[in-house]
Amino acid sequence: MTRKEKDVIFYGSDKQFKFSWSGDSFSYNGKRGFEGIVHGIERRYKETASESAREEMEAKYMTERTCKTCHGKRLKDVVLAITVNDKSIIDLTEVSVVDALDFYEKIQLYGKTNADCS
């Protein structure tokens, strides 16, 4: 499945899709837009008057989980693997401005990289 197809499933589309539905006393054939799974859950969550329905949606769809790959850093592992003086980009975003400034002022670059950075 392509990224675009996944986005339509999760977030919907303004495009009109053929749609058929039949129940015990009603049937429908026509075209409709699709709001997507995420927007549908958000809409039902906001519109429901049932606290138990809201709690069920929170438990099923709105839990916070830390990514097992990046551990919540939101960067790819190849980016996190790049270091300067044993510090990754995340290490430097987690320190104070004063400590970051101190780190950057003490960086020693060598060779061609040094010339490119001056």
Query - Residue that is surrounded by the fewest Cβ atoms within 10 Å (Cβ to Cβ), among those in segment 1-38 that are touching a strand residue (DSSP E or B) at 6+ places or on another chain (Cβ under 8 Å) and of a type in the set (D, E, K, R) - result: D14
Requested in this report: Among what's in segment 51-95 and is of a type in the set (S, T, N, Q) and in contact with a helix residue (DSSP H, G or I) (Cβ under 9 Å, 6 or more places away or on another chain), pick the residue that is surrounded by the fewest Cβ atoms within 10 Å (Cβ to Cβ).
Outcome: T93
Query - Cβ-Cβ under 9 Å pairs, at least 6 apart or on other chains, segment 62-91 side over 30 Å from R44 (Cβ atoms), far side loosely packed, with under 14 Cβ neighbours inside 10 Å and of a type in the set (G, A, S) - result: S88/A81
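Values quoted throughout were computed directly from the atomic coordinates according to the rules given, and no laboratory measurement underlies them. Quick caveat: nothing in here was measured; it's all calculated off a predicted structure. Ideal geometry is used to build each Cβ from the backbone, glycine not excepted, and the neighbour counts take in all protein chains shown.
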